[in-house]
Amino acid sequence: MITPTIEGSGNIPASPTLVVPNRVDLTALRALEEALGGRDRVVWMVENTLRPDPEVVMYLSQSRATGFLCAIDRSGNEDIIQLVRDRLVQGRHVVLLCGHPGQQAAALTDVPARLLSFADGSRLSALPVYVGMYNDKLIGGIVTSGPYDKLHITFAPEIKPGPTLSTKIRNAWMEAAAEQLNNHPYLTEQSLTQALVQSLIAHPDAMIIDGVDDSQLSYRRLLSYALIFSETLHKNITNKRLGIILPPGKLSAIANLACLLSGITPVNFNYNAEPENFRYQVEQSGVNRFITEVRFTHKLRQFNWPHQRDLIYIDKHLADVGNGSVRLRDVVIRLGKTELLTRRLQQEQVQPDDEAALLFTGATGGIAKGVPMSHRMLLSAAVQMNSRLPLKPGQRCLSAFPLSHPIGLLCGLLLPLLSGMDIVTYPDTTTPRRLCELIHNYGTVLTAFTPAQTYSLLNAGTPDHFTSLRYYLIAGEKLPIDLAHLAAAKYSLNLMECYTMGENAAPIAICAPMPSPAPGTSHIIPAGHIGSCGQPLPGTAIRITDINRPEVTQPANSLGLIWLKGSATLQAYLKDRPEATTCMRGKWFCTGDIGKLDPDGLLTICGRKARFSKVGDNLVPHEAAEEALYRVLGANPADGIRRLAIVGVPNPRGQGDILVLLSTLHKTVVPQDLITARYGLLNARYPASWAPDRILPVKTIPVLSNGRLNYPLCYRGVCNQLGIIPV
């Protein structure tokens, strides 16, 4: 029998109110009944088209509980609202009680949007209740129904009546879910290192497969090599951080694991970074030694390599290891006595919030920022991902994304190791034909690429290459709608847009396929659609606020500034950078992105705040305008080369901005070109405010190493060319 943990009982008002839990099973129902003052103080409001579980219905009938059936429609809810008011006047709390609709794994709620919104504008207050169901493990750590190990119920503060009541209820659920996950036993009772070691022991025959030569390394042997290399690091490295300059592969896995075993923070550097950015990251991190491979240094000759004396060649070190030493550790691992080898490497007990990795953001604001990733952040990211995308031992992922990016580190290394999956690695994303072969030959179910890389893969592959992929994640940039349609129509491939950023260890949201219908009901809570990045991952709280007033919550479907909160989210930048004072409000992190949440909780990203311009009374999203202009001007985005970029610069003649289109499609510009762009947009039913005021021909459009537009450089260049003082 599970005893629920209940928090926030002090938020239950003395006078009766409408109580809105995100979901209710029999155990939660009994706990709610008791917390609200007993059976005589509760009326159950049962939605007729989404009835509760049979065991809940049986309990209600046997206990002679008080309740009423209703059918909540899109309109005409006055009769239902009056029923609620009557019960409140009688001195009883009214509790909304729903069954299970069709929905994705680890969904936030069982209450569909149209049922939740019935009280908007009704002059009813509401008490949100978040019911969290958890297992003390990675796989299935967050669930929406039994069996589970822990039931956690949080009463949020009562919400006053208003037109955004349903939005505020959803926000309260998300915030409570984030707080609950932060205290999940999987995150608080072990370190990332311990979790990795336990998983490698539990899945000794899982393997890393090198996509270059198809060689294999079992997890048992991976742990043996990591233990051996960690002893070398423990003896010779005094710095608390150690750089890693390696592509995805066996050696990068050994290097990262060895650092953790020896109590050193691995810093995976982006080997595609600009020289000045790399130097800045090295300076900020305090790293003075770097793990790499001889072959990789020869291949990456253009990289600004550190001095030879500062390089540690892991391939040379492992080549000198005797077979007897490796076999000895294999035996110890097989006996499950790894603690005998790791105990003396850990000088003090690791705490959940201690640093486990250091990453740098993609420099979209002009300079990369250091993000310390704690053990709690990375374990939370793994729990969130494996709860939303149920990954199992024996399945395979393709790892080609650099480990310097959160999606590469999580989905290409940590999550597979923690889940017992096989990892197929490849060090180069510019050879799409080989990547397609690896996906097909090894039957991989999970991979991640940018939109530009995906264009290349689709051009190089056939539909047969992608039949095994269940989760093809698009990261680094927004998924172009044309690319999504191309993949679906020609390759039967569902591309899952992810909302990722360097300040969060996991994707913030993932656009998943439409869920299957649930038995006995027609209700389905959508998991995503083309153009959105889906629902936030479980345990991630999203808040949409007014762009200039963060205390004002935006209603559903209204554009605003996106704020983020969760146990996988940045708490402070490296070295307490000044940005932390402007982007943090308590535990809430300002992403700097503009977007919206629809009533179903689906998140749509419209672009960076810097990539919006005020034209007249309209906010113009640069990325959407660029996508429209690609169609209007007949450009093909499938070649993966950026041809257009919108830049908004101050209007010298008044308030607002003027829109400048940087274009590699134009050699010279005549007035007719502006007319063609304007009327092409109007004919395609795009707003007139999206039309550019100027077109500047350029040879190339600058992009960052992660493929994103280098907007600061574009902005400065346009201002300089037009003689405008930049803001």
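The values are calculated or read from the model by the stated rules, or taken from the named source; none is laboratory data. Fair warning: this is a prediction, and the values are worked out from it, not measured in the lab. Glycine also receives a Cβ, built like all others from the backbone with ideal geometry; neighbour counts cover every protein chain displayed. Note: areas computed on protein heavy atoms with side chains; ligands, DNA, RNA excluded. Shrake-Rupley method; radii C 1.70, N 1.55, O 1.52, S 1.80 Å.
Can you give me the relative contact order of the chain as a percent, contacts being Cα pairs under 8 Å and 6 or more apart? Don't skip to the answer; put the middle values down first.
On the way: 1545 pairs, mean separation 84.1, N = 727.
Over the chain, the number comes to 12 percent.
Run through all the Cα pairs of the stretch 594-727 and give the fraction in each 10 Å bin from 0, expressed as whole percent. Using 10 Å bins, I get a P(r) of 11, 43, 36, 8, 1 for the stretch 594-727. Along the stretch 530-536 the Karplus relation, 6.51 cos²θ - 1.76 cosθ + 1.60 evaluated at θ = phi - 60°, assigns HN-Hα couplings of 4, x, 10, 10, x, 7, x Hz to successive residues, with x for each Gly and Pro. Return, ordered by residue number, the residues of the stretch 252-284 whose backbone nitrogen is under 17 Å from a label point located 7 Å along Cα→Cβ of residue 295. Hits in the stretch 252-284 for residue 295 at 17 Å: 252-255.
Along the charge dipole of the chain, pointing to its positive end and built from +1/-1 on Cβ of Lys, Arg, Asp and Glu, which listed residue (677, 405, 297) has its Cα farthest out? Projecting each Cα onto the dipole axis, the largest value belongs to 297.
What share of Cα pairs, in percent, lie more than 17 angstrom apart in the stretch 677-727? If you can, show how the numbers build up before the last one.
On the way: 689 of 1275 pairs.
Cα-Cα pairs in the stretch 677-727 separated by more than 17 Å: 54 percent.
If I take R0 = 22 Å and measure r between the Cβ atoms of residue 6 and residue 59 in this structure, what FRET efficiency does the formula 1/(1 + (r/R0)^6) give, to the nearest 0.05?
FRET efficiency, residue 6 to residue 59: 0.70.
Note on residue 137 and residue 327: the extension gain reaches 65.4 nm, defined as 0.36 nm multiplied by sequence separation minus the Cα-Cα distance. For residue 636 and residue 716, a Förster radius of 30 Å and the Cβ-Cβ distance give a FRET efficiency of 0.55, rounded to the nearest 0.05.
Sum -39500 (n - 2.57) across every DSSP H segment of at least 4 residues in the chain, then divide by the residue count to get the 222 nm mean residue ellipticity, nearest 500.
Values: 24 runs with 234 residues, N = 727.
Result for the chain: -9500 deg cm²/dmol, rounded to the nearest 500.
Sequentially through the stretch 453-468, phi angles give Karplus couplings (6.51, -1.76, 1.60; θ = phi - 60°) of 5, 5, 3, 5, 5, 5, 5, 8, x, 10, x, 5, 5, 10, 5, 7 Hz, Gly and Pro residues having no value and appearing as x. Lacking any other cysteine beta-carbon closer than 4.7 Å, the following Cys residues of the chain have no compatible partner: 70, 98, 259, 397, 411, 436, 498, 511, 533, 606, 714, 719. Among the trypsin sites (Lys or Arg not before Pro) in the stretch 619-699, those located in a DSSP loop and surrounded by at most 14 other Cβ atoms within 10 Å of their own Cβ are 653, 667, 685, 699. Taking amide H as placed 1.01 Å from N in the peptide plane, the amide H of residue 43 sits under 5 Å from that of 93, 94, 95, each at least 5 places away or on another chain.
Remark: the stretch 488-496, residue by residue, has Karplus-estimated 3J(HN,Hα) of 6, 6, 8, 10, 6, 10, 8, 7, 9 Hz, where x stands for each Gly or Pro and the curve is 6.51 cos²θ - 1.76 cosθ + 1.60 at θ = phi - 60°. Take the Kirkwood radius over Cα pairs of the chain, plug it into Stokes-Einstein at 4 °C and 1.567 mPa s, and you get 47 µm²/s for translational diffusion. DSSP beta bridges confined to the chain are antiparallel in about 55 percent of cases. Shown for the chain: the carbon plus sulfur share of the solvent-accessible area, taken with all protein chains present and a 1.4 angstrom probe, equals 50%.
Per residue, the chain exposes 40 Å² of accessible surface when a 1.4 Å probe is rolled over the protein heavy atoms with every protein chain present. Maximal additional length on extending the residue 240-residue 308 stretch stands at 22.4 nm, based on 0.36 nm per residue less the C-alpha distance. Placing unit charges on the Cβ atoms of the charged side chains and taking the dipole of the chain about its Cα centre, the candidate lying farthest along the positive direction among 725, 636, 152 is 725.
Ratio of Rg to Rh for the stretch 484-591, alpha carbon only, Kirkwood? Before the final figure, lay out each step's value.
On the way: Rg = 16.9 Å, Rh = 16.0 Å.
For the stretch 484-591, the value is 1.06.
Between the amide H of residue 450 and those of 475, distances stay under 5 Å, these residues lying 5 or more places away or on another chain, with hydrogens modeled in the peptide plane. Here's the list of lysines a cross-link from residue 235 could span, going by alpha-carbon distance under 29 Å and ignoring same-chain residues fewer than 8 apart: 250, 316, 337, 575. Taking the alpha carbon gyration tensor of the stretch 1-147, multiplying each eigenvalue by 5 and rooting it gives semi-axes of 24, 18, 15 Å, largest first.
Report relative contact order for the stretch 544-674 in percent, whole number only (criteria: Cα-Cα under 8 Å, sequence separation at least 6).
The normalised contact order for the stretch 544-674 reaches 15 percent.
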